[in-house]
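The values are calculated or read from the model by the stated rules, or taken from the named source; none is laboratory data. Computed from a predicted model, the values in this text were never measured in an experiment. So basically every Cβ, Gly included, is an ideal-geometry build from the backbone, and we count neighbours across all protein chains shown.
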Amino acid sequence: MNARIAMTAPPRFASVDILRGLTVAAMLLVNNAGDWNQVYPWLEHTAWHGCNAADYIFPLFLFIAGVSLGLALEPQIEHGRPAAALNRTILLRALRIVALGLLLHVAAALLIPERSFRLLGVLQRIGLCIAVAGPVALYLRPRAQWLLFAALLLGYAVLLAWGGIAQDASLNLRIDSALLGRHAYQFDAASGRAFDPEGVLSTLGAIASTLLGLRAGSWLRSGAVSALLRGGFAFALLGFAASFIQPFNKALWTPSYVLWTGGVALLLLAGTHVLVDRHKTWLPGRALGLNAILAYAGSWLMVCVLAALGADRWLYEHAFASWLTPLAGARTASLAWACAIVAVWWLVALALHRRRWYWKI
């Protein structure tokens, strides 16, 4: 992996870093319950159809990845940097992100006996979406980008309508069973059926979320707050209407889910931009946003090492559950553990930010 630690200049829009940082903090909070049998409902992903609070996090991260990509590429395109060189840089970065995701899953499989190797995952999906969105930004004009966005959603909606969206018989499940097998997130050895929430077919919807962020980055750069607001309300309304045809579903990343969460993301970006970039309001999260991949990968490895040593259960029981459960309940103790993990990596990011060190991959 060609990741490196480098000193970089702050980006133009602090709002994007803050939104990314808060999204990563939410991701760590959701991914690291102290006791998975004691989790507040709003911290859990919806079992199938629906959209819980936790279900907004990953599409928001992909949306922000698209925004960042647009903000990074547009000035270079305008200054005449060859598209081929930019495309090579983007694809290499996407490959490194995918490789890091695979390495994290290898580490989990090696360190935790009950964990098997999983081929796809969060970082792999981010890398794949960037690999598609980068060339789209370089070679397609805005109108063509919108047409591709619409084609992805309509085409995917047709596939879902044809293949079904039942939890035990969707087209996604059949494709994941054939292509991923035992390396999927869920695998039933008896039936051979497999399913992955970051699976093969649902990546079409995830790419659409990233492309929406790409267009939002262009609006942000041009100062078109009204476009962000109008787009946010319009897409949320479209998503809500579409949910009566195909429900919100994070595991399938349905078109209605793309539109609804994309609308919310546009509104959050507009609000954060106005508060931070225009009115200079302080909001937390920038340090974590500037080292988002480091925080995600670092927390993953930390949890794996603690689990391999058997120290996670001891720490949880003695530092959290033993005294918090009688006082505030088991769910609060479980949440406190997750908050502690977020706090550890937030402090690491703050320390690195003060030294202007950022991990770039």
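Return only the number of the condition from (1) surrounded by 14 or more Cβ atoms within 10 Å (Cβ to Cβ); (2) modelled with pLDDT under 95; (3) of a type in the set (Ser, Thr, Tyr) that Ser191 does not satisfy.
(1)
Show the residue pairs that are 6+ apart or on different chains and have beta-carbon atoms under 6 Å apart, the first residue being within the stretch 222-251 and over 29 Å from Glu198 (Cβ atoms), the second being surrounded by 13 or more Cβ atoms within 10 Å (Cβ to Cβ).
Sorted first by the residue in the stretch 222-251, then by its partner, the pairs are Val225/Ala270; Ala227/Trp219; Leu229/Ala270.
Mind checking which residues of the stretch 147-180 are in a helix (DSSP H, G or I), buried (at least 16 other Cβ atoms within 10 Å of the Cβ) and of a type in the set (Val, Ile, Thr)?
Ile175
Taking the residues in the stretch 85-118 that are in a helix (DSSP H, G or I) and β-branched (Val, Ile, Thr) as candidates, determine which candidate is surrounded by the most Cβ atoms within 10 Å (Cβ to Cβ).
Narrowing the stretch 85-118 to residues in a helix (DSSP H, G or I): 85-111.
Checking the rest, the ones that are also β-branched (Val, Ile, Thr) come to 89-90, 97-98, 106.
Working: Thr89: 15, Ile90: 21, Ile97: 25, Val98: 20, Val106: 12.
Ranking the candidates gives Ile97 first.
Inspect all residues belonging to the stretch 276-294 and state whether any of them is among the acidic types (Asp, Glu), surrounded by 18 or more Cβ atoms within 10 Å (Cβ to Cβ) and at pLDDT 95 or above.
Filtering the stretch 276-294 down to residues among the acidic types (Asp, Glu) leaves 277.
Now restrict to residues that are surrounded by 18 or more Cβ atoms within 10 Å (Cβ to Cβ): 277.
Among the residues that remain, those that are also at pLDDT 95 or above are: 277.
Yes - at least one qualifying residue is present in the stretch 276-294.
Residues that are among the β-branched types (Val, Ile, Thr): find the helices (runs of 4 or more DSSP H) completely inside the stretch 269-328 holding 1 or more of those. Before the answer, list the steps.
Values: elements: 286-290, 292-309, 311-316, 322-328.
In the stretch 269-328, 292-309, 322-328 are the helices (runs of 4 or more DSSP H) which contain 1 or more residues that are among the β-branched types (Val, Ile, Thr).
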